[in-house]
Amino acid sequence: MLKDSQTFSGFSVNDIPTAKEFYQDVLGLEVEQNEMGLELKLKNSNNIFVYEKEDHQPATFTVLNFIVEDINSAIDKLVERGVVFEQYEGMPAEQDERRVLRGLAVNEGPDIAWFKDPAGNIFAVLQVA
C-alpha cells in the first residue's frame, strides 16, 4: 500500500535558531527554514524535517548517520568546529582514543563515532570502507 509513497524523516529539537546555526555553520549542511521548522537538504537522500517541540526529549538512538570517506578527517574537521564526540559503555567493541568504534578492522561493520546536536539528539559519522 505505501511502497510507492514519497517519504521523509523528521525529529524534534528544543530551539530552531540554535539548531539551524549548528546544522548550517558547524555541520555545513544546506538548511531551509519555513513556518513549520527546518528542512535539511541532504545529498542523495530525502530531506529531513526538523521541528521545534516545547517538551522536546532528545532521542536515545542515532537519528542521523553521515557516511564519510575518511572518518579521521571528518572527526578532525568537526572537532575544529567544536563538536564533542561521545564515549559509550557496553559497546560490541571498545571505542579508541578518538572515540571511534573501529568495526572495519575486525570485520564487524563500519567505523563509527557519535556526537550530539545542541538539542541532545544523537548523530554519527561512519566510514563503511
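In this structure, Y51 and Y88 have a Cβ-Cβ separation that, at R0 = 25 Å, corresponds to a calculated FRET efficiency of about 0.40. Across segment 113-126, coupling constants 3J(HN,Hα) worked out from phi with the 6.51/-1.76/1.60 Karplus curve, θ = phi - 60°, read 9, 10, 8, 10, 7, x, 8, x, 5, 8, 10, 9, 10, 9 Hz, and Gly and Pro carry x.
Counting only residues at least eight positions apart within a chain, or on another chain, the lysines with an alpha carbon under 21 Å from that of K77 are K20, K41, K43, K116.
Equivalent ellipsoid of the chain: semi-axes from √(5λ) of the C-alpha gyration tensor, largest first, are 26, 18, 15 Å. Other residues with beta-carbon under 14 Å from the beta-carbon of V13 carry, at +1 per Lys or Arg and -1 per Asp or Glu, a net charge of -4. Within a straight-line Cα-Cα reach of under 19 Å, K53 can be paired with the following aspartates and glutamates, leaving aside sequence neighbours fewer than 8 residues apart in one chain: D15, E21, E32, E35, E39, D117.
Electrostatic bookkeeping for E86 treats Lys and Arg as +1 and Asp and Glu as -1; over the other residues with beta carbon under 15 Å from its beta carbon, the sum is -3.
For the chain, the longest principal axis of the Cα atoms and the long axis of helix 71-80 meet at an angle of about 60 degrees. Note on the chain: GNM, Cα springs under 10 Å; of G28, G90, G37, the largest mean-square fluctuation is that of G90. For D111, the residues whose amide H sits under 5 Å from its own are G103, L104, Q127, ignoring neighbours fewer than 5 places away on the same chain, with H placed 1.01 Å from N.
Based on Cα contacts under 8 Å between residues 6+ apart, the chain shows a relative contact order of 25 percent.
Considering only the other residues whose Cβ falls under 12 Å of the Cβ of F123, what net charge follows from Lys and Arg at +1 and Asp and Glu at -1?
On the way: positive: K116; negative: E86, D117.
Counting the neighbours of F123, the net charge comes to -1.
The numbers here are math on the coordinates, done by the rules we state, and not lab data. Computed from a prediction, not measured in an experiment: that's the story for all the values here. Virtual Cβ from ideal backbone geometry, glycine too; neighbours counted across all protein chains shown.
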